[in-house]
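Have a look at the structure below before the remarks.
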Amino acid sequence: MNEKIKILAQQIVNNIYNKIKKQTKENFYEMGKTIDIGADGTPTKFIDKIAEDVAIKIIKKSKIKVNLLSEEIGFLDNNGEYIFVLDPVDGTRNAYRGIPFYSVSLAIGKSTLRDIEYGIVKNIPTGDTFIAEKDQGAFLNNNRISVSDVPPNKTLSSLVLGVNCDNNTISLCKKNYVRSLGSASLEMCMVAMGALDLYYVGKEFMRVIDIAASTLIVREAGGVVKDIYGEDLDMDISLDKRTSVIAAGSESCIKDILLRHKK
């Protein structure tokens, strides 16, 4: 991949990071206001809009032509070879509630999740940056990371609870150690660095913008990302598609979950 495209992606992520940090400090109580309905049909919060506007402005000014798929604007066709798959703020509710666990997530690909070549997830409250490039490994703040080798009987899982959990999720809540953190991209990056052993979304509601970058990061860190049917996760780069997600350090870590689902 052209180095200039990666630099453009990094510029977008860093500028969104700086913008959100500044706005959170100056206008925190404005961040959670609903101002519109996004292309995916969900409410657009003020924080989402100002973050996405940063990306659109940079892309429009750039001499490098890239397309954009983002939560609020949908698909922006600039006749580019690559698509920037952007979640301007992953964990919006955490952000405007003051919970310091949310990110900006950006991946670069062409048509499907499988062909994503580059991904960045930046933890906005901490500044920690996860980056992966296909076949080059995964990194946190320029240090190589890898998934955990903790035995499955001591699994620490992050599960999506509430209206989007299934019966398997309820079963998983009753065993080992459980968290529910509210930012898919960061939770998957926690799997990539070995802080979590498993991330589980039982219902098919995750969008490609939520997981494109972090899926590459997990896989480049030696982990696996599947759907609840046991298939290696793949989906079109489109807001129309939804999926379940199981991200783990190994196949054995998710074996029992897949068996229970098949029953």
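Look at the range 135-165 and say how many of its residues are surrounded by fewer than 18 Cβ atoms within 10 Å (Cβ to Cβ), outside any strand (DSSP E or B) and at pLDDT 80 or above.
Count: 7.
Among the candidates 113, 106, single out the residue that is among the hydrophobic types (A, V, I, L, M, F, W, C) and surrounded by fewer than 24 Cβ atoms within 10 Å (Cβ to Cβ).
That would be 113, the only listed residue that is among the hydrophobic types (A, V, I, L, M, F, W, C) and surrounded by fewer than 24 Cβ atoms within 10 Å (Cβ to Cβ).
From the list 27, 14, 18, which one is in contact (Cβ under 8 Å) with a residue 40 or more places away in the chain and part of a helix (DSSP H, G or I)?
Going through 27, 14, 18 in turn, just one is in contact (Cβ under 8 Å) with a residue 40 or more places away in the chain and part of a helix (DSSP H, G or I): 14.
Suppose we keep only residues that are surrounded by 15 or more Cβ atoms within 10 Å (Cβ to Cβ) and touching an Asp or Glu at 6+ places or on another chain (Cβ under 9 Å) within the range 1-30. Which one would you say is modelled with the lowest pLDDT?
For the range 1-30, the residue satisfying everything is 23.
What are the residues in the range 89-103 that are part of a helix (DSSP H, G or I) and either surrounded by fewer than 24 Cβ atoms within 10 Å (Cβ to Cβ) or more than 16 Å from the chain's Cα centre (by Cα) (or both), if any?
93, 94, 96, 97
Return only the number of the condition from (1) without any contact (Cβ under 8 Å) to a residue 40 or more places away in the chain; (2) closer than 23 Å to residue 240 by Cβ that residue 164 does not satisfy.
(1)
Are there helices (runs of 4 or more DSSP H) fully within the range 166-263 with at least 3 residues that are surrounded by fewer than 16 Cβ atoms within 10 Å (Cβ to Cβ)? List them.
167-173, 251-262
State which residue is surrounded by the fewest Cβ atoms within 10 Å (Cβ to Cβ) when the search covers only the range 31-56 and only residues that are closer than 18 Å to residue 69 by Cβ and β-branched (Val, Ile, Thr).
Looking at residues that are closer than 18 Å to residue 69 by Cβ and β-branched (Val, Ile, Thr), I get 37.
Which of the residues that make up the range 117-134 are assigned to a strand (DSSP E or B) and either modelled with pLDDT under 95 or crowded, with 20+ Cβ neighbours inside 10 Å (or both)?
118, 119, 120, 121, 122, 123, 129, 130, 131, 132
Tell me the residue from 33, 22, 49, 45 that is out of contact with any strand residue (DSSP E or B) (no Cβ under 9 Å at 6 or more places or on another chain) and more than 18 Å from residue 208 (Cα to Cα), please.
22
Of everything in the range 71-88 that's of a type in the set (Asp, Glu) and crowded, with 19+ Cβ neighbours inside 10 Å, which residue is nearest to the chain's Cα centre (by Cα)?
Checked the range 71-88; the qualifying residue nearest to the chain's Cα centre (by Cα) is 87.
When you go through (1) outside the structural domain of residue 96 (by TED's automatic domain parsing); (2) within 16 Å of residue 121 (Cβ to Cβ); (3) free of Cβ contacts under 8 Å to residues at least 60 places away in the same chain; (4) not acidic (Asp, Glu) one by one for residue 183, which number turns out not to apply?
(3)
With the requirement that a residue be more than 15 Å from residue 123 (Cα to Cα) and aromatic (Phe, Trp, Tyr), what does the range 1-57 give you?
Passing the criteria: 28, 29, 46.
For residue 63, are the conditions met, namely being free of Cβ contacts under 8 Å to residues at least 12 places away in the same chain and out of contact with any strand residue (DSSP E or B) (no Cβ under 7 Å at 6 or more places or on another chain)?
So residue 63 passes the test.
The values are calculated or read from the model by the stated rules, or taken from the named source; none is laboratory data. Values in this document were obtained by computation on a predicted structure and should not be read as measured data. Ideal geometry is used to build each Cβ from the backbone, glycine not excepted, and the neighbour counts take in all protein chains shown.
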